[in-house]
Amino acid sequence: MKKMSKVIAALGVFLQFFFLGIRAASGGEAPGPTELYAKAACLLDGDSGRVLYGKEENLALPMASTTKIMTCILVLESGTEEEMATVSSRAAGQPKVHLGVRKGETYRVGDLLYSLMLESHNDAAVILAEHVGTTVEGFAAMMNQKAEEIGCEDTYFITPNGLDASDDQGVHHTTAADLARIMRYCIRISPKKAEFLEITGTASYTFTDGSGSRSFSCYNHNTFLDMMEGALSGKTGFTADAGYCYVGALEREGRTFIVALLACGWPNNKTYKWSDTKKLMVYGLENYQYRDVFQKGQEFPALPVSGGQAELVDELPRVQVGLNIPSEEQQLTLLLREDEEVRVETELPQALAAPVEAGSPVGAVRYYLGEELVGEYPLYTLSQVKKIDFDWCFDIIKKRFLHAVRE
């Protein structure tokens, strides 16, 4: 009985590794960092937007002040940095962490962005939201619209500062994958990405209110900026519901990685987010490299053309197809693990109907990583085939007649 138990156990181990191998070979997710503190985590390729590793990455959770990356990029894109914003009673009444503004004071919008991102001031967020969106609710609508445009799948904004909130449509929340996508937009896609990186990468900043009577100093609390070479940007967050949250980006050797963490511990576990961030960044750096997977010199079958003119009556004309890409531009560079392989599929019709013009799209070559489409290239006809007409038929009859006379 003992012997049988050992055999069953050994078989179980074998099957486990066997199926892991199948999963890896098909472009599935390889075993990643273990023992992460975060309830939800995502490692994203900052260039392609592909999720490289996830732990409950699609689980909806509150995200605290990591919300402010969306607030910041929307304000930057509004083009109001040099404008003066007036403090409302709602803004002045925001809880700590706050700048300590007073109702009726004015502040330069660009200065408030440093207050927002370096010190995570909640009142600065409301001033900015009201200035750009007229009301907090109006600005939240802008945030939700932008999230949809970015491709977020389960994100809902209620506040510009990330304080825990709910309304009749749900709670203020995102997912680790969506939060990483928002950061990717901020640092790679937005027309204001340079300004976003400048603000979030600044160590300290000093400014005054509009009257010049009050001065303020802000210091960056993003410890990750000094943790790893190539650290670009990031934002911390904490509320009672969300726990400690973080989103950060790193660029090294031409690769960009983004890490997003939600519910990464509660007091007194403030440092868990730094441990998880470093673990995921190191995993990305050690396991992912760029590789050109384009299949150069790929040959495609010539397609028969029904009803087309041919040199001989009994011959079915055919047309060659190919890619309309110069050989020096034929490349598809992807950030891949060593074990990941790309699957190439060609779609072409069995036949074409005359007339066929040269340069007509007739199919495509598609590259898949697992089930994800990562590249698509149209196939075109390389020559033309005219439709059978009276003149062609007459010419064929004439040729046959002359041939018969000669015989």
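The values are calculated or read from the model by the stated rules, or taken from the named source; none is laboratory data. This one's a predicted model, so the numbers in the text were calculated from it and none came from an experiment. Cβ placement follows ideal geometry from the backbone for every residue including glycine, while neighbour counts extend to all protein chains displayed. Areas reflect the complete protein model, heavy atoms only, side chains present, ligands, DNA and RNA absent. Shrake-Rupley method; radii C 1.70, N 1.55, O 1.52, S 1.80 Å.
In table form, for the structure just shown:
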| quantity | calculated |
| --- | --- |
| Matching residues, the range 41-75, being surrounded by fewer than 24 Cβ atoms within 10 Å (Cβ to Cβ), in a strand (DSSP E or B) and out of contact with any Cys (no Cβ under 9 Å at 6 or more places or on another chain) | 45 |
| Residue under evaluation residue 211, criteria (1) closer than 28 Å to residue 266 by Cα; (2) touching a residue at least 24 places away in the same chain (Cβ under 8 Å); (3) of a type outside the set (Val, Ile, Thr); (4) surrounded by fewer than 17 Cβ atoms within 10 Å (Cβ to Cβ), criterion not met | (1) |
| Index of the failed condition, residue 78 passing every other in (1) touching a residue at least 60 places away in the same chain (Cβ under 8 Å); (2) open to solvent by 30 Å² or more (accessible area, probe 1.4 Å) | (1) |
| Hits in the range 76-92 - residues which are part of a helix (DSSP H, G or I), more than 23 Å from the chain's Cα centre (by Cα) and within 26 Å of residue 174 (Cβ to Cβ) | 90, 91 |
| Number of the exception - residue 239 against (1) open to solvent by 10 Å² or more (accessible area, probe 1.4 Å); (2) more than 17 Å from residue 64 (Cα to Cα); (3) of a type in the set (S, T, N, Q) | (2) |
| Test: residue in the range 305-316 that is of a type in the set (D, E, K, R) and touching a residue at least 24 places away in the same chain (Cβ under 8 Å) | no |
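Matching residues to (1) touching a residue at least 12 places away in the same chain (Cβ under 8 Å); (2) within 27 Å of the chain's Cα centre (by Cα):
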residue	(1), (2)
113	yes, yes
128	yes, yes
134	no, no
138	no, yes
146	yes, yes
157	yes, yes
